[in-house]
Amino acid sequence: DPSLQRALAAELSCPDSTAPCSPDLAAAALPYVREGGFLGFEVASRSGQLRRGSLRTSGFSQLPAALVEALSERRGQPVAFAALKVAGTPRAILLVPVPDAAEATLVFSLAMSRWTPPLQAARPGKRGETYAFDRHGRMLSESRFTAQLQREGLLPVDAGGSTFGFELRDPGGDLAQGYKPATPRREQPRTRMAAAAIRGESRVTLEAYRNYRGVLVVGAYRFFPEFGLGIACELDEATAFETVSTLQMMLKGLVAAFLLTAFALLGSAALSARMR
């Protein structure tokens with residue numbers, strides 16, 4: 001947007017970074033803030049220094065190290081994605097390096113309450129879930145099984161019911177069935193899905209693998225390197241193949257009925273021949 005770039009260039013030329021020099025930048029960015037439902041925006045350098053925007057709501061005094069790292073990993077590409085807790089509240093953060101301004105980045109803040117509902121709406125059945133995760137294999141949305149994770153001691157009860165930042169690691173067995181991992185959580189391997197997605201794989205798999213709860217699941221996943229996040233949709237194996245099991249039972253019943261009918265016909269024919 002040329003008007004946004006001009007306003008940003010004018011702002012960057014101002015020596016005072018503690019307050020906006022003019023309302024032009026806020027006015028140019030406001031349509032994007034409204035359209036995306038963002039809480040506000042700030043302007044940051046690649047080193048993490050912030051210039052105060054009139055729509056500042058992030059609460060940062062300086063860009064957190066996690067976001068500086070994300071910017072470095074993206075190497076100036078148009079859009080980067082990161083997420084973190086601000087004042088204890090999970091937020092999604094969009095980092096937009098500005099063309100022709102190598103050191104400038106627009107930082108947009110989005111409440112997780114606006115980010116997660118579309119993922120929750122895409123949950124398949126009563127045991128499936130759809131969630132987002134970052135390039136480090138950490139959840140960026142709310143889990144459907146927060147209560148279970150709290151019962152298993154994997155998530156603090158006082159965490160506000162949030163699985164934001166929870167690591168997608170394979171415990172090696174079904175936690176719901178009483179399995180107790182022998183290794184600490186931080187030493188457990190990433191789930192097969194998370195490891196494959198971060199490598200750039202995108203697929204639908206019917207070969208069961210263990211998820212972060214240790215439950216065998218099937219699913220589909222895709223990683224979006226341009227945003228630095230992945231989306232996974234998983235369903236418990238038992239639930240996924242429940243219909244197949246029902247069909248198999250029906251098929252076995254039909255085969256049994258066919259065999260009984262065949263034996264009955266053969267027996268009837270033999271009895272008729274003997275009577276004759």
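The values are calculated or read from the model by the stated rules, or taken from the named source; none is laboratory data. Just so it is clear, the model here is predicted, and its values are computed rather than measured. So basically every Cβ, Gly included, is an ideal-geometry build from the backbone, and we count neighbours across all protein chains shown. In case anyone asks, the SASA skips ligands and DNA or RNA and just uses the protein heavy atoms, side chains included. Shrake-Rupley method; radii C 1.70, N 1.55, O 1.52, S 1.80 Å.
In a simple Cβ point-charge model (Lys, Arg +1; Asp, Glu -1; nothing else charged), region 113-183 has a dipole of about 200 debye relative to its Cα centre. The distance separating the Cα centre of region 1-48 from that of region 252-267 comes to 78 Å. Comparing 111, 66, 256 in a Gaussian network model of the chain, where Cα atoms under 10 Å apart are tied by springs, the biggest mean-square fluctuation is seen for 256. Candidate values (1) 114, 43, 28; (2) 78, 35, 34; (3) 60, 39, 37 were compared with Cα extents along the principal axes in Å computed on the shown model; the agreeing label is (1).
Karplus-derived 3J(HN,Hα) values for region 31-40, using 6.51 cos²θ - 1.76 cosθ + 1.60 with θ = phi - 60°, are x, 6, 4, 5, 5, x, x, 6, 6, x Hz; glycine and proline are entered as x. Summed over the residues of the chain and divided among them, the accessible surface reaches 55 Å² per residue at a probe radius of 1.4 Å. Overall, the chain carries a charge dipole of about 1020 debye about its Cα centre when +1 sits on the Cβ of Lys and Arg and -1 on the Cβ of Asp and Glu, all other atoms neutral. For the chain, 233 stand unpaired, since no other cysteine beta carbon lies under 4.7 Å from theirs.
Mind checking the dipole of region 99-150: about its Cα centre, +1 per Lys or Arg Cβ, -1 per Asp or Glu Cβ, Debye to the nearest 20? Using only the charged Cβ atoms, the result is roughly 480 debye.
Ranked highest first by the average count of other Cβ atoms within 10 Å around their residues, in what order do 218-230, 261-273, 115-127 fall?
Packing order, densest peptide first, comes out as 218-230, 115-127, 261-273.
How much length would be gained if the chain were fully extended between residue 274 and residue 238, taking 0.36 nm per residue of separation minus their Cα-Cα distance, in nm to one decimal?
Full-extension gain reported as 7.8 nm.
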